[in-house]
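The values are calculated or read from the model by the stated rules, or taken from the named source; none is laboratory data. Keep in mind that this is a model prediction, so the values were computed, not measured. Don't worry about glycine lacking a Cβ; one is built from the backbone with ideal geometry, like all the others, and counts go over all protein chains shown. SASA here: full protein model, heavy atoms, side chains in, ligands and nucleic acids out. Shrake-Rupley method; radii C 1.70, N 1.55, O 1.52, S 1.80 Å.
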Amino acid sequence: MDRFVGLVAGRTADPQVLAAAVRAARAASELVAALPEREVRRHTRALLDGVRSALQGDGEPGAQALAAAGALGSDRARQGVPVAALLDGFQAGRSHLVESVIAEGRRCGVPADELLDGVTRIDHITIVLARRMVQAHRVAELAAARTAREEHLLMLRQLLHGEAVETLGGPLSPAGRYRCVVTAVSDPALAGPWEQALSAAGPGLCGFVDGRLAALTGPEPRLPAGGPPAVVAPPVAPDALAPLYALARRALRAAEAAGLTGLHRLEDLALLTATPADAELGALLARSLLGSLDRSDPFHRELAATGLCHLAHGGRTDRTAAELHVHPNTVKYRLRRLRELTGGDPLEGGVEHTAHWWWALRSWLAPAGPGAGQLYQSWVAPP
């Protein structure tokens, strides 16, 4: 059995197994998939660690593993994920772990009887963890149900999902107009400052919807500077909130992918939100307008980045130079070389021509990934 314990220890500590278990959990439940991947990974890692420590000990989950299972159940209840969806994701992750252990055990020549006995022990451990998880989920649900906050949270979720609301009351008025705010905050334990800022914006609602902290406010809120990205939509009547919420979620995903921080108006992220949906068209524009540039050439990437920054600052050389921390003459030189190499000018044409260049430059730079995108990520959205 020592060989089996070592086998499980290797599997549970393998980053690839963790990533695959996270994918399995998210694929098994749409509601779990709606949560940020890092949130699912955080809990999955804790549960895998719990299985490993239990097998290495007396076969029973320890206090740390039980606490992790309880935190998972409690967090999912506060994020609005039903217990059935939670169990679907948990079971999918558990199944992937067992399949991975069996496959590796067979490859290593572990006898079938020993594998069967080991899988039985894993089943016992995961059942204990699942019970603690469900218990914590239920306790959190009951605690929330006894408060007016839960009624407001239910109303918030119904309005943003386009569901019927029996009676619109409390802080909202049927004749009012409200802004939908969606943030990248996904951990309830860290949501305090953002909840306070959103609640301070005026009459409205605030809580977790689809795994993200969201709110309805009257005035535009002031959120902590430099924090996770957030998107605010224009004010509309309560029955018109759902479509804007869907758009705001798309815009938030685009903002996260671009590395943006802080609060952004939905309309300011229009291009950034729409263009990723047609990545192939963006690539086609890049090939057409920038085909003479070489992605592997750092100087060419510098030219493209300067061109995109120049567009984002309305063609102002002084602002572009300040953003890139270079001399204005350096900006002029780079733009001249970009025109010479590509045979085109991003600003020499109408709005459509300029938009095509913005999209082409952004698409051309995107494949470089985080390392080469340090300058790029600070101004991919309109200033």
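Remarks
- Applying a threshold of 8 Å to beta carbon distances and a minimum spacing of six or more residues, or different chains, the list of pairs starting in the range 109-127 at a residue that is more than 19 Å from Gly50 (Cα to Cα) and open to solvent by 10 Å² or more (accessible area, probe 1.4 Å) and ending at one that is in a loop (DSSP other than H, G, I, E, B) and of a type outside the set (Gly, Ala, Ser) reads Glu114/Met1.
So that you can scan it fast, the table gives a plain yes or no per residue for (1) buried (at least 18 other Cβ atoms within 10 Å of the Cβ); (2) within 25 Å of Leu31 (Cβ to Cβ):
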residue	(1), (2)
Leu190	no, yes
Trp194	yes, yes
Ser199	no, no
Val231	yes, yes
Pro235	yes, no
Ala242	no, yes
Pro276	no, yes
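- Odd one out for Leu285 among (1) touching a residue at least 12 places away in the same chain (Cβ under 8 Å); (2) within 24 Å of Ala33 (Cα to Cα); (3) not in a loop (DSSP other than H, G, I, E, B): (2)
- For Ala248, the conditions (1) open to solvent by less than 60 Å² (accessible area, probe 1.4 Å); (2) outside any helix (DSSP H, G or I) all hold with the exception of (2).
One line per residue, one yes/no per condition, for (1) of a type in the set (Phe, Trp, Tyr); (2) exposed (fewer than 15 other Cβ atoms within 10 Å of the Cβ); (3) assigned to a loop (DSSP other than H, G, I, E, B):
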| residue | (1), (2), (3) |
| --- | --- |
| Gly314 | no, yes, yes |
| Glu323 | no, no, no |
| Val331 | no, no, no |
| Trp359 | yes, no, no |
| Trp364 | yes, no, no |
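- When Arg23 is tested against the conditions (1) over 24 Å from Val139 (Cα atoms); (2) modelled with pLDDT of 85 or more; (3) open to solvent by less than 60 Å² (accessible area, probe 1.4 Å), the lone failure is (3).
- Residue match in the range 176-186 (condition: basic (Lys, Arg), over 27 Å from Pro219 (Cβ atoms) and out of contact with any Asp or Glu (no Cβ under 8 Å at 6 or more places or on another chain)): no
- Residue that is nearest to Glu256 (Cα to Cα), among those in the range 55-78 that are assigned to a helix (DSSP H, G or I) and at pLDDT below 85: Arg78
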